[in-house]
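Reviewing the structure listed below.
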Amino acid sequence: MPVSVVAGGFALLSSASASGLESVRCRLQGTTRPPAFSQDGDLVIGGVFSIHNYILPFSQEVLTHLPSIYSLATRELRFSRAMVFAVDEINNSSDLLPGVTLGYQVHDSCTSIPMAMNVAFQLANGLDPMFYTGEQCSGSPTVTAIVGESGSTPTISMLRIIGPFGIPQVSHFSTCACLSDKKQYPTFFRTIPSDQFQAAALAHLIRHFGWTWIGAVRSDSDYGNNGMAAFLQAAQEEGICVEYSEAFSRTNPLSRVQRVADVIRSSTARVVVAFTAIGEMKILLKEMERLPSPPRQWIGTESWVTDPYMLRFGLCAGAIGFGIQRSVIPGLRDFLLDLSPQKVSSSPLLTEFWEEAFGCRLGTEKVCDGSEDIQQLQTPYTDTSQLRVTNMVYKAVYAIAHAIHSIVCEERENSTMNCDKNLNVKPTQVLERLRRVNFSRNGYQVSFDANGDPVATYELVNWQRRESGKIEFVTVGRYDASLPPDQRLDIDREITWVKNSTQVPVSVCSESCPPGTRKAVQKGKPVCCYDCIQCAEGEISNNTDCLICPEEYWPNAERDLCILKPVEFLSFHEVLGIILTACSVGGASLAIATATVFYHHRTSAIVRANNSELSFLLLFSLTLCFLCSLTFIGRPSEWSCMLRHTAFGITFVLCISCVLGKTIVVLMAFRATLPGSNVMKWFGPPQQRLTVVSFTFVQALICTLWLVLSPPFPIKNLTTYKEKIILECDVGSAIGFWAVLGYIGLLSLLCFVLAFLARKLPDNFNEAKFITFSMLIFCAVWITFIPAYVSSPGKFTVAVEIFAIITSSFGLFFLLFVPKCFIILFRPEKNTKKHLMEKTSNDIHY
């Protein structure tokens with residue numbers, strides 16, 4: 001008889017009947033396993049849970065390391081019973097599927113991928129070992145939808161089998177981001193968020209606390225590998241570096257687990273992110289407890305961070321991680337605790353639970369005598385204080401029920417609901433309606449996006465040790481992926497960290513660089529490991545690089561911010577400005593006072609003998625020279641820059657012209673005393689005035705051309721000092737500036753030469769000698785001024801120029817007028833014509 005294997009796990013056996021027609025007999029391959037819990041109904045929902053932990057004995061090392069390779073997971077038992085509770089609740093509801101009874105087949109996958117695949121075949125084909133059909137083995141699946149599995153890898157294996165049949169699978173605990181790929185898994189939905197969201201949340205959390213140097217461990221499975229890959233990508237985007245990333249499985253040899261534990265112990269990262277399933281985490285923490293280890297801040301995922309079993313590991317006190325939102329399911333606790341002896345005895349699974357929980361046997365030596373009180377039992381099965389994943393099971397059942405309701409029920413005109421329980425509901429119909437499910441149950445919204453994922457919301461859970469020493473789960477914050485990035489994480493309670501500290505632990509490869517330095521990545525190490533290099537002058541640091549401040553800005557004292565450079569100019573309010581102003585005003589006052597004395601004694605011999613008209617004009621020009629220095633003090637402006645240089649040039653030429661006129665008068669007076677000389681008639685008062693006006697006019701013409709063609713203007717000097725701005729006047733045309741100075745120098749030199757020639761004239765009061773000395777001082781000052789002006793920095797350039805103006809003015813004033821004032825005021829007997837006409841070959845006597 002030919003045999004062929006077809007989809008669904010059936011063998012096709014064909015034979016000829018007595019009537020000559022060929023019949024088909026389909027036989028299920030392998031041995032069927034009865035469901036852990038089952039109930040008939042008009043429509044049946046499948047359920048798959050890892051009620052037993054089963055580890056294949058790959059090596060004797062594993063067998064000796066673990067106390068048992070086969071144990072009852074009472075938390076998963078609670079999940080399966082929550083599904084039964086939800087189905088019973090729906091069957092008793094008058095709003096959801098009225099008149100339609102839901103059945104269920106709840107299977108145990110034993111945390112085994114082969115077992116999960118076997119269960120998938122059974123859910124698709126049913127439990128009958130053989131049935132007959134007239135055509136082929138292609139009957140409809142026995143379930144309309146499946147709730148489960150608890151692990152991502154078993155779920156993927158199941159989807160490969162039931163996916164082609166269009167049977168929707170709604171998982172309560174499979175979080176692998178890979179399952180969101182609708183091209184590969186079009187029939188998959190889940191009520192728990194994808195690890196893609198959790199990975200982003202973990203990276204956000206780590207960055208929030210400033211940890212940039214972490215370690216990472218993961219389960220070597222689809223859950224761990226895909227979750228860690230998503231986390232590492234998110235961490236890289238957040239600027240977080242990973243010192244190590246280790247993977248292991250609970251089926252690995254003990255040496256592999258020991259190596260991972262040794263890596264954690266020897267690492268410098270104080271924060272460890274564990275993207276592991278609960279089975280791997282138990283093994284790892286048992287190994288970590290075996291040897292002393294430096295304190296580590298554990299960051300957990302929803303798979304283990306809210307599992308009550310894990311609280312026995314004290315080394316994880318202070319751990320934080322994201323868990324599914326805690327919820328309340330009214331009536332569930334009473335349902336879980338309602339285990340009569342009849343119910344327990346009728347279910348091998350409940351019998352096993354009962355015997356293991358109370359340490360007795362039903363019908364054997366140590367007989368359970370009925371005194372066992374499940375109300376006092378402390379196991380994950382009875383603990384409903386932290387209903388998180390259990391609510392995901394509850395919502396998954398209700399999501400399937402709502403999808404079926406939308407198919408078999410319709411609302412009549414009188415607002416009554418009519419449901420057809422005889423309607424042939426196909427899994428593909430349920431699949432289509434699941435995509436559009438949107439309802440609320442117990443205050444929790446249930447819906448799926450295009451990838452079959454719910455809205456990602458988490459609670460931030462902290463393991464806090466109480467005064468009694470007991471560790472408890474405390475919700476300290478929330479994370480909502482639907483909010484803007486800066487609002488997703490909300491921490492509203494104080495966190496207790498590792499070693500019961502309230503201070504946030506530090507986990508960085510290199511300490512933050514001080515202000516004024518930048519990061520230089522160490523060769524061969526991640527970017528979080530760096531040396532601090534000093535920034536160049538004028539640069540600020542932003543922790544990663546040095547930035548040059550804009551032209552008019554300079555780093556602050558901390559060198560982390562560019563601030564406006566201080567503006568500097570020679571001010572009236574600073575000491576140097578006050579001194580120069582006092583000297584200027586004082587010189588002008590002396591010149592005015594001298595003019596007053598001369599005017600008061602204008603008829604005296606000395607005043608009349610020394611050309612009173614030129615003397616008064618000279619005193620006026622000296623007053624202007626003293627006062628023009630004031631235009632160099634204060635904030636430079638467009639007008640002050642033009643005024644200061646032109647006023648200085650014109651007033652000094654006026655002054656030197658007057659001195660030159662007096663020198664010429666002295667020389668001409670000497671020539672006039674020679675026999676036959678008629679020189680003085682060519683150099684009388686009109687000619688003297690014309691000389692002064694002509695010399696001054698030439699300077700005025702130079703200044704006018706300078707102002708018209710390229711006048712001085714205010715500038716900000718940014719080069720002399722890097723850390724401040726010097727406000728000064730640019731001369732505009734250098735030719736104009738040096739032409740003004742050159743003209744003054746030319747007149748001064750001419751005056752000096754003429755005065756030098758007349759220095760030994762035999763007058764009792766020889767003014768030519770004083771003019772010679774004054775011109776000598778004047779020329780010395782301005783010759784010295786040139787290199788000093790060029791080399792002086794900033795505002796001192798202006799100060800040098802003012803000093804030269806005041807010094808040369810005082811030189812002229814003291815040598816030309818102080819001796820005359822002394823005679824006028826203190827030696828009036830010498831202020832006579834007779835005394836002035838006396839000649840002597842000796843030095844002058846006053």
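Read the figures in this text as sums done on the coordinates, not as results from a lab. Since the model is a prediction, treat every value here as computed from it, not as a measurement. For neighbour counting, all protein chains shown are included, and Cβ atoms are generated from backbone atoms with ideal geometry for every residue, glycine included.
The table below lists the values:
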| read-out | value |
| --- | --- |
| Three-way shape call for the stretch 302-363 based on the alpha-carbon gyration tensor, with the a/c threshold at 1.5 | oblate |
| At q = 0.12, 0.15, 0.25 Å⁻¹, base-10 log of I(q)/I(0) for the stretch 564-637 (Debye sum, equal scatterers on each alpha carbon) | -0.46, -0.60, -1.04 |
| Most to least packed among 109-122, 414-427 [average Cβ atoms within 10 Å] | 109-122, 414-427 |
| Largest-first principal axis extents, alpha carbons of the stretch 517-564, Å | 40, 16, 12 |
| Per-peptide average of other Cβ atoms within 10 Å, ordering 256-262, 73-79 highest first | 73-79, 256-262 |
| Acute angle (nearest 10 degrees) that the helix 734-757 long axis makes with the longest principal axis of the chain, alpha-carbon atoms | 30 |
| Volume in Å³ per residue [convex hull over Cα atoms, computed for the chain] | 317 |
| Cα-centred dipole magnitude for the chain, charges only on beta-carbon of K, R (+1) and D, E (-1), debye, nearest 20 | 4920 |
| Ranked LYS499, LYS830, LYS820, criterion: other C-beta atoms within 10 Å, fewest first | LYS499, LYS830, LYS820 |
| Highest average packing first - 226-237, 242-253, 503-514, Cβ atoms within 10 Å | 226-237, 242-253, 503-514 |
| Cβ charges +1 (Lys, Arg) and -1 (Asp, Glu), total dipole of the stretch 517-564, debye | 420 |
| Restraint check, LYS182/LYS426; LYS519/LYS795; LYS395/LYS421; LYS343/LYS421, Cα-Cα greater than 27 Å | LYS519/LYS795; LYS343/LYS421 |
| Nitroxide proxy distance, nm - points 7 Å out along Cα→Cβ at LEU576 and LYS722 | 2.1 |
| Geometric extent, Cα atoms of the stretch 170-211 - Rg, Dmax (angstrom) | 12.9, 40 |
| Positive-end residue of LEU483, ILE824, ALA399, charge dipole of the chain with Cβ unit charges | ILE824 |
| Selected from CYS549, CYS562, ILE533, residue furthest toward positive end of dipole (the stretch 517-564; charges at beta carbon) | ILE533 |
| Positive dipole terminus of the chain, leading residue within ILE146, LEU315, LEU77 (C-beta point charges) | LEU315 |
| Residues ILE606, ILE407, sorted so that the one with the fewest Cβ neighbours within 10 Å comes first | ILE407, ILE606 |
| Inter-site label distance for LEU423 and GLU551 at 7 Å from Cα along Cβ, in nm | 7.9 |
| Positive minus negative residues near SER194 (Lys, Arg vs Asp, Glu; Cβ under 12 Å) | -4 |
| Distance histogram for the stretch 780-829 (every C-alpha pair counted, 10 angstrom bins, percent rounded to whole numbers) | 24, 35, 19, 15, 6, 0 |
| Between helix 389-408 and the chain: long-axis angle, C-alpha atoms, 0 to 90°, nearest 10 | 70 |
| Debye intensity ratio in log₁₀ form over the Cα atoms of the stretch 170-323, taken at each q of 0.18 Å⁻¹ | -1.08 |
| Helix 767-791 axis, angle to the chain major axis (alpha carbon atoms, nearest 10°) | 10 |
